[in-house]
1. Need the failing condition index for residue 13 against (1) free of Cβ contacts under 8 Å to residues at least 40 places away in the same chain; (2) under 26 Å from residue 186 (Cβ atoms), just the number.
2. In segment 157-177, which residues are surrounded by 11 or more Cβ atoms within 10 Å (Cβ to Cβ) and more than 16 Å from residue 78 (Cα to Cα)?
3. Go through 88, 102, 139 for me and flag whichever is under 24 Å from residue 206 (Cβ atoms), out of contact with any Gly (no Cβ under 7 Å at 6 or more places or on another chain) and buried (at least 17 other Cβ atoms within 10 Å of the Cβ).
4. Pairs please, first residue from segment 88-109 and in the same structural domain as residue 77 (by TED's automatic domain parsing) and within 26 Å of residue 131 (Cβ to Cβ), second anywhere and of a type in the set (Phe, Trp, Tyr) and surrounded by 12 or more Cβ atoms within 10 Å (Cβ to Cβ), Cβ atoms under 6 Å, 6+ apart in sequence or on different chains.
5. Scanning for something surrounded by fewer than 20 Cβ atoms within 10 Å (Cβ to Cβ), among the hydrophobic types (A, V, I, L, M, F, W, C) and assigned to a helix (DSSP H, G or I), does segment 208-225 turn up at least one residue?
6. Cβ-Cβ below 8 Å, separation at least six or inter-chain, first residue in segment 72-85 and in the same structural domain as residue 175 (by TED's automatic domain parsing), second in a loop (DSSP other than H, G, I, E, B): which pairs?
7. In segment 114-202, which helices (runs of 4 or more DSSP H) lie fully inside it and hold 1 or more residues that are aromatic (Phe, Trp, Tyr)?
8. I need a count of the residues in segment 226-263 that are in a helix (DSSP H, G or I), surrounded by fewer than 16 Cβ atoms within 10 Å (Cβ to Cβ) and at pLDDT below 85.
Amino acid sequence: MKSKAPFYPYLIWMLIFTLIPLVMVIYYAFTDSSGSFTLNSFIESFYYSNIFLKSLWISLISTLICLVLAYPISYIMSRARGSAQKILVMLVMLPMWMNFILRIYAWVLLLQNNGLIDLAVKFLGLDVPLLGNQGAVILGMVYNFLPFMIIPIYTVMAKTDNSIIEASQDLGANKLNVFRRIVFPLSVPGIISGITMVFVPTASTFLVAQYLGGTGDKMIGDVIENIFQRDKNVGSALSLMLMVIIFIFLIIMNRFGDEEAAI
């Protein structure tokens, strides 16, 4: 019988940094400042429903853009030679070696008035604000979370047995049919993992909108951060509502993944 001792550090970590904070959030969400049970925090949370919906919409758009960009990149990486694949993976992960805030601030410098990209746009005869709008927020989201979409899709594609593709070609399938009937269906688990890994953090992230967006582009993560500083009960209620939404999303994606695996 194998010893369970190696699992104890993991269980202790989960207890201290996951379960206890979760219990505290639930407790504060259902109580007031005096510790009495109340639902007023949830009622007040509905005041931020528009920001909730906007955050989910921005997260959805960012996730779809990441998917559109990541899929061909992942396909090219999976078809490269062994040494080239390692280099490409390193290049994809290279920006992640830099601090998150520094990556955001780098885009601020590029997009701000008379920044490098702003000057390039003005050189083309266009005069449009590149910073302080929803487009800049989505750009920051895509830039920061694109690797989380590329890596899962690439990992699944790299494990695809080339003999299956060769067999289909020998049977007369053209490139389009090979992609439609073999490559894409086998890559669906990676797509589902990538969507999950991008949508979940983009829905709850903060700072991106604070640096790249305008006054009307706040994300729900920014709101929760600000509210917690003055009212931890309402902040906890918002956090709990966001966790429930993300949990429902994960259940849907997992069920979709199970159905694809069954097929």
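The values are calculated or read from the model by the stated rules, or taken from the named source; none is laboratory data. Just so you know, these numbers come straight off a predicted model, no measurement behind them. Counting neighbours? That spans all protein chains shown, and the Cβs are built from the backbone with ideal geometry, glycine included.
1. Of the numbered conditions (1) free of Cβ contacts under 8 Å to residues at least 40 places away in the same chain; (2) under 26 Å from residue 186 (Cβ atoms), the odd one out for residue 13 is (2).
2. 167, 168, 169, 173, 177
3. Values: 88 fails: under 24 Å from residue 206 (Cβ atoms); 102 fails: buried (at least 17 other Cβ atoms within 10 Å of the Cβ).
Result of the check over 88, 102, 139: 139.
4. Sorted first by the residue in segment 88-109, then by its partner, the pairs are 104/211; 108/211.
5. no
6. 78/160
7. Values: elements: 116-123, 134-158, 162-170, 175-178.
Because the criterion is at least 1 residues that are aromatic (Phe, Trp, Tyr), the helices (runs of 4 or more DSSP H) in segment 114-202 that meet it are 116-123, 134-158.
8. Residues meeting the conditions: 8.
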